[in-house]
1. Sort 117, 75 so the one with the fewest other Cβ atoms within 10 Å of its own Cβ comes first.
2. Explain nothing, just compute: Karplus ³J(HN,Hα) = 6.51 cos²θ - 1.76 cosθ + 1.60, θ = phi - 60°, for every residue of region 52-66 in order, whole Hz, x for Gly and Pro.
3. Using θ = phi - 60° and the Karplus form 6.51 cos²θ - 1.76 cosθ + 1.60, what ³J(HN,Hα) does each residue of region 12-21 get, whole Hz, x for Gly and Pro?
4. Suppose a student asked you for the relative contact order of the chain, using Cα pairs under 8 Å spaced at least 6 residues apart; what percent would you report?
5. About the Cα centre of the chain, how large is the charge dipole given +1 on each Lys and Arg Cβ and -1 on each Asp and Glu Cβ? Please answer in debye to the nearest 20.
6. What list of ³J(HN,Hα) values in whole Hz, one per residue of region 110-123 in order, does the Karplus curve 6.51 cos²θ - 1.76 cosθ + 1.60 (θ = phi - 60°) give from phi, with Gly and Pro shown as x?
7. Determine the shape class of region 51-121: with a ≥ b ≥ c the square roots of the Cα gyration tensor eigenvalues, call it rounded for a/c under 1.5, and otherwise prolate if a/b is greater than b/c, oblate otherwise.
8. Per the Kirkwood treatment, what hydrodynamic radius in Å, one decimal, follows for the chain from the mean inverse distance over all distinct Cα pairs?
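FYI, it's all coordinate maths here, none of it is from the lab. Not measured: the values here are computed from a predicted model. All Cβ positions, glycine included, derive from the backbone under ideal geometry; neighbour counts span all protein chains shown.
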Amino acid sequence: MRRMDCRIIPMDAALLPQAAALERACFSHPWTEKALAEDLDNGLLTLLAAVGPDGALLGYGEVRTVLDEGTLEKIVVSPACRRRGVAEAILRRFLADGAGTLAFLTLEVRAGNAPAIALYEKLGFRAVGRRKNYYREEGEDALLMTAELSHG
């Protein structure tokens, strides 16, 4: 499949309606536009948006930072844009931005989500733990993965 042409930019309020629509398309328990707006105003959170040449939101990601520790809270890509480099572009930007200030970036992923795990491993994440039955509704474990970053 061909890679998507996208730019990674800071999320802004104008993109929140599209982000909420993406949530509804991708999750059984989507975050609301109001919740996303609250995240946008939270100083501990960084939201990045992947936008196409026409300005349409293709995906977004959110990282929570506490001191020198980062946690990928969410990464969402439009179903029509998956496996075309959008998530990778978002993650590469988080890793590049965090390299100067974070010791590591951690995430949780469904143990059965092989494509996501392969992407995370490609970008330097490694499995460091397992959370049994973390996704209770589906009865699925989560893998805890971490990428160590060099920071001064």
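1. With the fewest neighbours first, 117, 75 line up as 117, 75.
2. So the Karplus estimates, Gly and Pro as x, are x, x, 8, x, 6, 6, 9, x, 7, x, 9, 10, 9, 10, 10 Hz.
3. Per-residue couplings from phi come out as 10, 4, 5, 8, 4, x, 5, 5, 5, 5 Hz.
4. 20 percent
5. That gives a dipole near 620 debye.
6. So the J values, rounded to whole Hz, are 4, 4, x, 8, 4, x, 5, 4, 4, 5, 4, 5, 4, 8.
7. The shape class here is oblate.
8. Here the Kirkwood hydrodynamic radius works out to 15.9 Å.
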